[in-house]
Each structure stands twice: as C-alpha cells, then as structure tokens.
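Novice: Have a look at this one before I ask anything.
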Amino acid sequence: HLRRAEATAMAWGKTVGVASWVERLKANDASLTSVTVFRGRLFGPDEAAAVSAALRTNTHLLELYASGHAMDAATAATLAEALAENTTLQSLCVGDDAFGDAGLAALAPGVAKSASLRSLDLENKGVGDAGAAALGDALATARSGGCPSLRAINLARNPKLGPEGVAAVCAGAKNVANLTKLILRELDARGVAADAVAELVASARRLAVLDLSGATLDVAAGDIAKIRAGFNKRLEKNQNQNDESSAEDAAPLALELDSVRLGDDGAVALAGEDIIGEKKGGGARSFFPARVSVRGCAVGADGARALARACVASTETLVLRDNALGDAGALAVAAALSSTESSRLASLDLGCVGVGAAGAAVSVGQLLSSYAWGALSDRIGRRPVMLIGMCNSTFSVLVFGTARTYAQCLAGRFLSGLLNGNAGVVKTYVGETTEKSQQTVAFSIFAMAFGFASCVAPAIGGFLQRPAERWPSVFGDTLFETFPFLLPMLCAAALTSVGGVLGFLYAPETASQWRRMQKRSAERERRMKKKKHQTRRQKDVDAADGDFDGEALLRAAAEPESFGKNKNVGPEVELVRLDESGVSQAVVAEAPAGRGAAAKATETVARLADADADAAADDADDETRLLRGPVTTDAVVVRIARDRDSGSGDSAHALARLREKGWDAHTVAAASSYAVLAFIAIGYDEILPVYAKTREDLGGLRLSASQIGIVLIVGGVALIAFQLFVFPLVLRTFGVTKALRRASLAFAFVAFVAPVASVRGVVENPALKWFVVLFSQILKIVTLAVLFTTVIMAVNNSCMNRVKARVNGAATSCAALGRIVSPIAHGVVFSASLRLHENFQQFLVFAFVSACALALFALTSRLPSRLDQPPREAEDERAVGAEGDEAAG
C-alpha cells in the first residue's frame, strides 16, 4: 500500500505512542489515514478494544495493520462490531499465529457486513478448517450482492488449514461479487479444495489473481485437470454472455503456481489434452489465463512445449524460470510460439538456470582443462594427447546420446570439453607440421574445415534426432525411441573413432625433438657438474694448448662488460664492442712472451644464423657446435650476432626473454585477443537468429526458422569459397598482424549492416531486405574467418615450440570463458533494446558488438610484426624432428 508519510502513524510499542494515535482516531483526525503497529507486547486487548471503539465513529482511517499482536476472540468480536459500523476502513490485518479459529469465527460476521473493507489479510494466523468454514459461511450468507467492497482475501501459510477449509472459503467467495484476488499459498488444496477452486474460477468473473504458489496439489489424482476444467467453463460462460456489459466484466486471470510440483505431467494437464493432441477443432484454443507463472515446478521440455502451445493464443505473460527446461525446452517453447502468427505473448521469462547450460557446459569444461592438456602435450607429445582426446570424445557423445535426464545431458556436454584438449593441441600440431611458407594455406584449410563442420553438423544432428517419431516403421519400438538423440550421437562417435584410427596410423609425432633436446640439456648439465672443480682459466682459455672454450666465449658475448674484468681469464682474452647494433668482437691474442714481435694473426669469423644466436640454454647445441674444439691460432676474432630481429637493444632483450621463458607479453596479448574475438563471435551468432525472429514493430525481421537457415547456409558457402581462394591472397598482402588489426576494425563497421535490414523503407521491401541480410551475413562470415585464422596464427607465432601447446591451451581456456559470458551480456543488451520502443532500437545490441570489435582492434595494435612469422627456431626444430622420424622409420 502506498500512503503519505504525514498521514501515517507507526506505533513502536510504547504506551504513550498508542494512546496518542488512539486519541487522534477518536477525534477523527483527517490526517491519520493509516496505522501500522509494529511487533510489541503493549498492544494488548485493552488497546485493541480502544481502537475498535474509535473505529465506530472514525471516517478517515483507511488501513489498520496490527499483525503479530495477540488478539482473543472477545476483542475480535468487538472489532467485528466496529467493522459493521465503519464506512471507510479498507485494509485490515490483525492477530498473530494464535488468532486461530476462534478469533476468525468472531471476526467473520463483521467482515461480511463491512461496507468498505477491500482487503482481508489472514496470513499465518493459525486458522484451521473451523475458522475457514465460519468465514465461508459468513461470506455465503451476506446480504444480497455479497460484500460489495471486498476485493482480496489472503489465507496463505496456515498449516492447520486443510482441503475442507479451503473448499469452504472458495464456496463462500463465489458470493463476493467483486472478488479480484484470492491467495492460497502453501495450503493443502487437494481433492475437494481443487474442485472448489475450479468452481470459483468458473463463476467469479472478476477474479484476476489466483495464487496457489507452494500449494499441495495431486497431479496424478487430477487436481490440475480440475482447475483446467474451470478455465474451460469460464470460457463457455464468457461465450454465452452476448451483451457488451457482461463481456466487459470478464477480467483477465493471473494464475500463480510457483513451487507446485507439477512436472511435465502436471504442465501437460494444465495445458489441456485438446491443446496437446489438437483433438478439438484441429488447433482451436481453449481459454487460458492472461498470466501463467510456473516458476520452480520441475517442468521439463515436454511440459514447456505444452504450456507454450496453450498460452500462445490468449496469454500475455508466461514465467518458466527455475525449471529443468534446458536448451531442448527453450527450443520447444520457441517452436510452439512460432507456430502461429497471432500470438499475444508479450513477456516470456525462461530465467537463466538450465537454458543455455548445455552449450555452456562444453566451454566450462574447456576452461578448466585446456591448459592442463596443453602442458601434458608439451611433456609427452602432441600425438598421444590428440588420440586420447578422440577416444574421450567418443565416450562423451555417447553419454550425451544416452541421456534420460537433463543432468546427464549436462554431464555429457561437460565431459566433452573437460576430457578433450584437442581444441588447443590441434592448432599447435598444425603449426609444427607445416613449413613456414605453407602456414597460410594450412591455417586457412583448418579454419575452413571448422566452419564447414559448424554448418553441416547441426543440420545432420537436427535431421537425425528423434528417428522413432520421424520414421516409426524403422526405428519404432527400438532403443532410439528411448534415447531420441542417440542416432546423431552414434554418427558423431563413429566420426571421432575413425579420426582416432587414422591419427593412430598416419599422424606423426612432432614433439620428439623436444624430448631429445631435454636429454641433451640434461647431458650438458652433467658435463658442467664434472667441470665445476676446474678454474675459470681452465674452462675459458687453455693458453698452453691454444684452446678455448666456446661456451665461455658465448658468455663473454652476453656479458662484455664483466668478461674483460675477470681476473681468471687473464690478459690473453679481450672483448671489444664493435658497434651499437649488438655485434661484439672477442679477441684472443697471444702475448709476445719475449719473442719480440707477434706472429701473423689469423682471423676466423663464426656467425650464428639470425635469431638462433641467443637461444635458450636448452637450444644451445647449435652455438656450441660452431665453437667446439681446439683452435690453435695466434689471434682469433669471433664475432657473434647478438640480435638482428629489429635492430634495437630493447627488441633484442625482449627476444632474449621470449627464448628464455618461451612466451612473453605479446603471447598474453595474442591469447587475450583470441578470448575477446570468441566473445564477439559467439555473441553475434547468438543474437542474429533472435533479431531475425523478432517482430518488425520491435525492430526485428520476423523471419521463419527455415529462412534463418537459408541465411546460415549462404554464410557457410561464402566461408568455404573465401577460405580457399581469397584468404591466402589477403594474408600474403597484409601479413598476420596487419590483417588481424584491419579485420577487427572492419568488423566494427560490418556489425552495423545487419540492423539496416529492419529500417523502415528496407524491411517493407522483401528483395532489398533479403539483399541486406545476405550481404551482412557474407561480410560477417568472411571477416570472422580472417580474424579467427590470423589470431590463431598470432598465438602460435608468439611463443616457442616447447611451450606452444600450453599457450594454445591457455588461449582456449580464455576463449571458453568468453563463450560463457558472451550470450549473457549480449542477451541483456538485446533485452534492453526491446524496451526502448524507439526508432533504430535494433542498433543498440549491434553497437555493443561494434564497441567490442574496437576493443579488439586496440588490443591487437599491441602485437608486433614479428608475429607474422614463426620463430626461426621452429624451422630448425622441424628439421631435427624430421630426421628423428626418418631414423625411427
């Protein structure tokens, strides 16, 4: 109730406070319209009697709330007499949980005689069947017209009240001409109570709210079917009323059944068999409430489908939140609502629990396990991890195909992401088994294969699901009738099994060279331990034999300032920096030693190839090989290329850190770009069908499911053609990083093309609308193809091979997080756009997509051009691996 603060008295239990407003009641103070007495022990029978006496003559008080205070039967009788005389009081709530049957029996006559009372609140007042029967009798025997002012009765949360008492109140309420709200929450409404509720629904034409939330109803005994029959009788009476005034009196009804254990059987019974089977009139719709709320009623996909079909003609609000709908239930509701062009449904609340969970379960599994699979791949090799992933995929799809509950369905999808790390490992495998010059084509084919599978697999799955219903002569009374999704999952299991066999037979290992490098590293460590007792002079320069240690010389090149100062090195070795480009000269000269003049010097120059010069300790074999062995010269000059990747000292140090750790800040930026791109792509893909399905007056296109399928198929064809013929040219022209940046910037503009199709002047023209829709889909699919292919290549090129699978696993986990969050974020923005009711409201969610694309552009701007190519190390390692594989063969 809304009431002015200055017209409200709130007594906190103090005697002086009660006395003050009682005196105001007696004085008929016009400013005192509402009294609320908070819980306390000072509002007893005497105070209640004083208030009752004052109400006899008061003409301004509208509300009296004294809930939680004890009131005996005698005081209730006094109050009943005051109600019979009072002409202004509209809302009443008195007594505590001990008020009981005696109190209600004493109060009921005054309620029935009141000329002004509109709301009677008896929630949690200890009322039983006897008190409810007294109230029902009082209402039933009221004067002609029956309590003309009474609008609402609340009997919620009275555990002593049984079906007989509920039936008595409903029977009496039939005599209340203007009753609009009856609250029976958490009561036992089985049997006779359900019969009485159904009769009340049929007869109380102005009843607008029937609240049975948490009530006990026996679905198997037909309680829900009885209430449904009451709806049908209400419809028949409305149809029999031919005069306009009677038609206007019929009120839309809101049915609240939250937390009632309906299940699918109860939901189907509530919808009505004629709706499910279309047995009456081939689709004629019976009356259904204007609002139906079945929140938390254990309704599944079948029940949701039945309710949606029943609600589509007359219901404006349907609440299915907190049920076991899942994706199947959401799709069933969508299919039911799309079966008619005259739906009145304006608000549909599916909640977020369960809906989308099956799709998100895969991403959650990937989020938790992708890095672990990548780390395992770096340790034991790519091939065994991929084969394990294929076997686990076969297992997980069979779990999904044999699911009989939504929980098992979620488990199958979750295991599909948790037990299979191939999403990251395969990217690593493609990068390691492909020559640098062929990586553009390889990753283009990889992206094309993924896009083609994304288009074809859902179509095959949709075609093969529920085979017992589609082809009963073949699949009826078989295992496929019990498991309607088993057939497409068997096909998926067959594909993963064949892939596993082919991988076992023909897929070579690419990580064996890393294991050999680890062995060589261990051998070097053992050699170094053997030499730990030698002096630095013995390690670095053997003056007597003219030998010198190449590893010491490498350390000298890395630390030119300190090497010459080392007293253990001696005067024979001097390090001179030649220039500022990072190239140093180490001069090993033999002193005259009393021989007079130096002999003719012999210079030997040894260069290491570009980026291999400062490789990590694990990759030092190439350097030591070049400098290994005795060199007997009078003077030796060794020039070592420190770093020529970019020509700057900072880049040299950055590359040195990269080779030391295997990854750097650019790796993090590339993986983050992949996550943001996944967020954008999944959000756009989720929103586009919803936008296409939305009505034109809400800024949509109102396309059918088959028309949306045509749009997706055109996009798939465009993807294949682009990846085969155009993308290699794009990558050769711009390179990886430039193509990534330009595509992200382009997508910020591409996102605004689709909503143009629903602009006035375009949406009315079918040809122009279809041109815009298809053009936007083609632009979107090719732009995302460039983005995904280049970002995958950037991630691969940003790290060394020894950590590449871990990096791809981490990137996959980040992308999985983006796929989990994106549908929620885009859904919130799209829902907000529907509430704008303004021109161009459809652009809001696509503007959000565009903003995310601009954020991706800002992030990719941090990527250096060196990510256009894999580290040079990769070529050498592939050669080593190839030699090892040939030797193994």
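The values are calculated or read from the model by the stated rules, or taken from the named source; none is laboratory data. As the structure is a prediction and not an experimental result, all values here were calculated from the model. Virtual Cβ from ideal backbone geometry, glycine too; neighbours counted across all protein chains shown. For the accessible areas, the whole protein counts, side chains as well, though only heavy atoms, and no ligand, DNA or RNA atoms are used. Shrake-Rupley method; radii C 1.70, N 1.55, O 1.52, S 1.80 Å.
Novice: I'm checking my understanding of the structure. Among residues of the range 77-95 that are aliphatic (A, V, I, L, M) and either under 26 Å from S31 (Cα atoms) or touching a residue at least 60 places away in the same chain (Cβ under 8 Å) (or both), which one is surrounded by the fewest Cβ atoms within 10 Å (Cβ to Cβ)?
Specialist: Per the criteria, the residue is A84.
Novice: Picking from V726, V730, V753, V736, which residue would you name as being out of contact with any strand residue (DSSP E or B) (no Cβ under 8 Å at 6 or more places or on another chain), open to solvent by less than 30 Å² (accessible area, probe 1.4 Å) and β-branched (V, I, T)?
Specialist: V736
Novice: Take residues that are over 23 Å from the mean Cα position of the chain (by Cα) and modelled with pLDDT under 90 and tell me which of the helices (runs of 4 or more DSSP H) falling wholly in the range 365-432 contain 1 or more.
Specialist: 382-401, 422-432
Novice: Considering only the range 159-213, state which residues are over 22 Å from A225 (Cβ atoms), open to solvent by 10 Å² or more (accessible area, probe 1.4 Å) and among the aliphatic types (A, V, I, L, M).
Specialist: Within the range 159-213, A168, A177, I183, A208 qualify.
Novice: Going residue by residue through the range 839-852, is there one that turns out to be open to solvent by 50 Å² or more (accessible area, probe 1.4 Å), closer than 27 Å to F414 by Cβ and out of contact with any Leu (no Cβ under 6 Å at 6 or more places or on another chain)?
Specialist: Scanning the range 839-852 turns up no residue that is open to solvent by 50 Å² or more (accessible area, probe 1.4 Å), closer than 27 Å to F414 by Cβ and out of contact with any Leu (no Cβ under 6 Å at 6 or more places or on another chain).
Novice: Just for the range 298-311: of the residues that are in contact with a Gly (Cβ under 8 Å, 6 or more places away or on another chain), surrounded by 24 or more Cβ atoms within 10 Å (Cβ to Cβ) and touching a residue at least 40 places away in the same chain (Cβ under 8 Å), which one is nearest to A271 (Cα to Cα)?
Specialist: Per the criteria, the residue is A310.
Novice: Something else: Can you tell me which residue among I781, I713 is open to solvent by 50 Å² or more (accessible area, probe 1.4 Å), under 17 Å from G451 (Cα atoms) and among the β-branched types (V, I, T)?
Specialist: Sole residue among the options that is open to solvent by 50 Å² or more (accessible area, probe 1.4 Å), under 17 Å from G451 (Cα atoms) and among the β-branched types (V, I, T): I713.
Novice: May I pose another question? Which one of these is out of contact with any strand residue (DSSP E or B) (no Cβ under 7 Å at 6 or more places or on another chain), of a type outside the set (S, T, N, Q) and either at pLDDT 90 or above or open to solvent by less than 20 Å² (accessible area, probe 1.4 Å) (or both): A98, A115, A70, A66?
Specialist: Going through A98, A115, A70, A66 in turn, the sole match is A98.
Novice: Could you check the range 41-63 and list, in sequence order, the residues that are out of contact with any helix residue (DSSP H, G or I) (no Cβ under 7 Å at 6 or more places or on another chain), open to solvent by 70 Å² or more (accessible area, probe 1.4 Å) and not hydroxyl-bearing (S, T, Y)?
Specialist: Of everything in the range 41-63, those that are out of contact with any helix residue (DSSP H, G or I) (no Cβ under 7 Å at 6 or more places or on another chain), open to solvent by 70 Å² or more (accessible area, probe 1.4 Å) and not hydroxyl-bearing (S, T, Y) turn out to be R41, D46.
Novice: Sticking with this one: From the residues in the range 787-826 that are among the charged types (D, E, K, R) and under 14 Å from V425 (Cα atoms), which one is surrounded by the fewest Cβ atoms within 10 Å (Cβ to Cβ)?
Specialist: R802
Novice: A further question follows. Any idea how many residues of the range 458-504 are of a type in the set (A, V, I, L, M, F, W, C), open to solvent by 60 Å² or more (accessible area, probe 1.4 Å) and within 30 Å of the chain's Cα centre (by Cα)?
Specialist: Result for the range 458-504: 6.
Novice: Still on this structure, I have one more. For V726, state whether it is assigned to a helix (DSSP H, G or I) and touching a residue at least 60 places away in the same chain (Cβ under 8 Å).
Specialist: no
Novice: Condition test on S363, is it over 21 Å from N797 (Cβ atoms) and open to solvent by less than 50 Å² (accessible area, probe 1.4 Å)?
Specialist: It is true that S363 is over 21 Å from N797 (Cβ atoms) and open to solvent by less than 50 Å² (accessible area, probe 1.4 Å).
Novice: Given the criteria part of a loop (DSSP other than H, G, I, E, B), open to solvent by 50 Å² or more (accessible area, probe 1.4 Å), modelled with pLDDT of 85 or more and not hydrophobic (A, V, I, L, M, F, W, C), does R344 qualify?
Specialist: no
Novice: For V430, indicate whether it is more than 29 Å from A815 (Cα to Cα) and either buried (at least 20 other Cβ atoms within 10 Å of the Cβ) or among the aliphatic types (A, V, I, L, M) (or both).
Specialist: Judged against the criteria, V430 is not a match.
Novice: Being open to solvent by 10 Å² or more (accessible area, probe 1.4 Å) and farther than 20 Å from Q90 by Cα is the filter here, so list the residues in the range 148-158 that pass it.
Specialist: R157
Novice: Right, something else. On the basis of being at pLDDT below 80, surrounded by 17 or more Cβ atoms within 10 Å (Cβ to Cβ) and part of a helix (DSSP H, G or I), does A328 make the cut?
Specialist: yes
Novice: Still on this structure, I have one more. Could you please find all residues in the range 697-708 being open to solvent by less than 50 Å² (accessible area, probe 1.4 Å), assigned to a helix (DSSP H, G or I) and touching a residue at least 40 places away in the same chain (Cβ under 8 Å)?
Specialist: Result: L698, single match.
Novice: Just to check your reading of the model, which residue among A132, A106 is among the aliphatic types (A, V, I, L, M), outside any strand (DSSP E or B) and open to solvent by 10 Å² or more (accessible area, probe 1.4 Å)?
Specialist: Answer to the check: A106.
Novice: A further question on this structure: Could you pull out the residue among E523, E509 that is surrounded by fewer than 18 Cβ atoms within 10 Å (Cβ to Cβ) and either at pLDDT 50 or above or among the charged types (D, E, K, R) (or both)?
Specialist: E523
Novice: For the range 862-887, how many residues are open to solvent by less than 60 Å² (accessible area, probe 1.4 Å) and modelled with pLDDT of 65 or more?
Specialist: 7
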